[in-house]
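Have a look at the structure below before the remarks.
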Amino acid sequence: MNISDIANTVIRGDCIEILRGLPEKSFDLIFADPPYNLQLEGELYRPNQTRVDAVDEEWDRFGSFAEYDEFTVKWLEACRRVMKDDASIWVIGSYHNIFRVGKIMQDIGFWFLNDIIWVKTNPMPNFNGVRFTNAHETMIWAKKSREQKRYRFNYQAMKTLNNDKQMRSDWEIPICSGGEREKSGVSKAHPTQKPEALLRRVILASSEPGDLVLDPFFGTGTTGAVAKKLGRNWVGIEKSAAYIEVARARIGAVSGPEDDPSLYRTPSRRDMPRVTIGNLIEHGLLREGGTLYSVNRAVSAAIAADGSLVLDGFRGSIHRAGVFAAKTRLCNGWTYWHYEQDGELKQIDDLREIYVKEVFPVENKS
């Protein structure tokens, strides 16, 4: 099967069987929202005695933990086979399954990059009052193996999205509700539909425009809808004909990306012109003899004319000086060292951005 023939389509069937038939090393990113194996014990009612729409579909029923584990091993191994050598995978789950899934991922050979906590700002309460309200789910972000050298992480895009602050591993996002929730008549089309905001972060963080994103448990197509909006290609695998019908209609109504591909890519540091401390001194943004500080002013260093830093008898680059000051093995000097402006400390990385804007201005396209 030629992978380009199935790009931007939903394939109906069992994901394990279908994945085994796809060419290996085909996908740049995988997002998986597998069955949670909720082990529900009876129906759940609100205090007013109305029934809660819980997850009671056939696809979430397993006879035992062993059966669920066997299923998990098979679909994860199948996913790992079709991942490119620089691809990554995201798997989401609740406390019912994510720890079992995580162990199996490590046993198979995946190497964890982060666990992300999706903090639900509007979670469903615990109506019986016998447990804490389940207000979060966990996502595991992993690469294929410990030996994998490269994977996509659009750090700058995440930082820009987060008001120019490094994005943390706790994401506060509302659950899917209101107009975003797909309906089948008056009921939810799918009991565990994920919010588009969650998939937007995953796809922006881990892929580039034109990349191919796989969702082996496609449901009502959130991954496909967001991928299309962001200029990525996608493939969905789904057993349910009813879910596929909803997903196709939903994605068909999504407008594709605009003509300018730069709107869907945030330049990384590697894409920017190389800037040194010497450049900042020559441009008047720093001065020889000036002082740089650690974030809490516990450490200070003098700026030498050649752009090196001097402190406590040590002299070296901003990175080596940061290693010396912080007593760590590695240090990014651009974020460790700060300059003072109007009584406030700011990262020297900010000066690098100012320099680029002033020395390499973007041409006006109009």
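The values are calculated or read from the model by the stated rules, or taken from the named source; none is laboratory data. Computed from a prediction, not measured in an experiment: that's the story for all the values here. Cβ coordinates were reconstructed from backbone atoms using ideal geometry, including for glycine residues, and neighbour counts include every protein chain displayed.
Tell me yes or no: at least one residue of segment 219-231 is in the same structural domain as Asp115 (by TED's automatic domain parsing), at pLDDT 95 or above and either over 23 Å from Phe27 (Cβ atoms) or assigned to a strand (DSSP E or B) (or both). Looking through segment 219-231, none of the residues is in the same structural domain as Asp115 (by TED's automatic domain parsing), at pLDDT 95 or above and either over 23 Å from Phe27 (Cβ atoms) or assigned to a strand (DSSP E or B) (or both).
Residue-wise test of (1) at negative phi; (2) under 22 Å from the mean Cα position of the chain (by Cα); (3) modelled with pLDDT of 95 or more.
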| residue | (1), (2), (3) |
| --- | --- |
| Ser4 | yes, no, no |
| Val10 | yes, no, yes |
| Phe31 | yes, yes, yes |
| Gly42 | no, no, no |
| Tyr45 | yes, no, no |
| Asn48 | yes, no, no |
| Asp53 | yes, no, no |
| Glu57 | yes, no, no |
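Which one is nearest to Ser240 (Cα to Cα), of the residues in segment 12-27 that are in a helix (DSSP H, G or I), out of contact with any Phe, Trp or Tyr (no Cβ under 8 Å at 6 or more places or on another chain) and not acidic (Asp, Glu)? Here the answer is Ile18. Among residues of segment 94-114 being among the small types (Gly, Ala, Ser) and part of a loop (DSSP other than H, G, I, E, B), the one that is farthest from the chain's Cα centre (by Cα) is Gly109. Going through segment 234-252 one residue at a time, which ones are of a type in the set (Ser, Thr, Tyr) and surrounded by 23 or more Cβ atoms within 10 Å (Cβ to Cβ)? Passing the criteria: only Tyr243. Selection of segment 63-93 for residues being among the aliphatic types (A, V, I, L, M), more than 18 Å from Asn37 (Cα to Cα) and part of a strand (DSSP E or B) yields Met83, Ala87, Ile89. Only one of the listed residues (Thr291, Thr276) is in the same structural domain as Lys346 (by TED's automatic domain parsing) and at pLDDT below 95. That residue is Thr276. Any chance segment 239-250 includes a residue that's modelled with pLDDT of 90 or more, part of a loop (DSSP other than H, G, I, E, B), of a type in the set (Ser, Thr, Tyr) and closer than 26 Å to Asn122 by Cβ? Within segment 239-250, not a single residue is modelled with pLDDT of 90 or more, part of a loop (DSSP other than H, G, I, E, B), of a type in the set (Ser, Thr, Tyr) and closer than 26 Å to Asn122 by Cβ.
The listed residues are Gly289, Gly278, and the only one of them that is surrounded by fewer than 12 Cβ atoms within 10 Å (Cβ to Cβ) and closer than 30 Å to Tyr336 by Cβ turns out to be Gly289.
Scanning segment 313-349 for residues that are part of a loop (DSSP other than H, G, I, E, B) and touching a residue at least 12 places away in the same chain (Cβ under 8 Å) returns Ser317, Cys331, Asn332, Trp337. Contact map, segment 115-143: residues that are assigned by TED's automatic domain parsing to the domain that holds Ile104 and assigned to a loop (DSSP other than H, G, I, E, B) paired with residues that are among the small types (Gly, Ala, Ser) and modelled with pLDDT under 80, Cβ distance under 8 Å, separation 6+ or inter-chain. Pairs shown: Asn122/Ser177. When segment 146-184 is limited to residues that are among the polar types (S, T, N, Q) and surrounded by 14 or more Cβ atoms within 10 Å (Cβ to Cβ), the one that is nearest to Gly102 (Cα to Cα) turns out to be Gln148. In this structure, Asn122 does not satisfy being crowded, with 19+ Cβ neighbours inside 10 Å and among the polar types (S, T, N, Q). The number of residues in segment 12-29 being touching a strand residue (DSSP E or B) at 6+ places or on another chain (Cβ under 6 Å), acidic (Asp, Glu) and over 17 Å from Gly224 (Cβ atoms) comes to 0. Considering only residues in segment 144-177 that are polar (S, T, N, Q) and not in a loop (DSSP other than H, G, I, E, B), the one that is farthest from Ser88 (Cα to Cα) turns out to be Thr160.
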